[in-house]
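The values are calculated or read from the model by the stated rules, or taken from the named source; none is laboratory data. Worth saying up front: this structure is predicted, and the values here are computed from it rather than measured. Cβ coordinates were reconstructed from backbone atoms using ideal geometry, including for glycine residues, and neighbour counts include every protein chain displayed. Areas reflect the complete protein model, heavy atoms only, side chains present, ligands, DNA and RNA absent. Shrake-Rupley method; radii C 1.70, N 1.55, O 1.52, S 1.80 Å.
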Amino acid sequence: MNVDKLYSTAKNVFELMAEIVGTNTFYIALNDGKTNRIIQAFNREKELVKEGALLNLQDTY
C-alpha cells in the first residue's frame, strides 16, 4: 500500500466531506484486529481524534 497516497487522498476526501457534512470529526484508521492506527483525522471544532494515535480497537466502538 502506498501510504503517502493514502494520506493525500484522505486529506482531499475530508476537505470535500467538511463542505457537505456537518459533523465534527472524520478519520481514517488502519487496524490489525487489536489496534486502530489513526492515519488521518479531521476535527471541525473539538478535537476528538488525533492523527497518529494508536487506540485499542475494542475502545473505538
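So the values come out like this:
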| read-out | value |
| --- | --- |
| Subset of region 22-48 (residues that are open to solvent by less than 100 Å² (accessible area, probe 1.4 Å) and of a type in the set (A, V, I, L, M)) | Ile28, Ala29, Leu30, Ile38, Ile39, Ala41 |
| Every residue from region 1-35 that is under 10 Å from the mean Cα position of the chain (by Cα) and assigned to a strand (DSSP E or B) | Thr25, Phe26, Tyr27, Ile28, Ala29, Leu30 |
| Set Glu51, Glu19: member being modelled with pLDDT of 90 or more and open to solvent by 50 Å² or more (accessible area, probe 1.4 Å) | Glu51 |
| Which numbered condition Tyr61 fails, given (1) modelled with pLDDT under 85; (2) surrounded by 14 or more Cβ atoms within 10 Å (Cβ to Cβ); (3) aromatic (Phe, Trp, Tyr) | (2) |
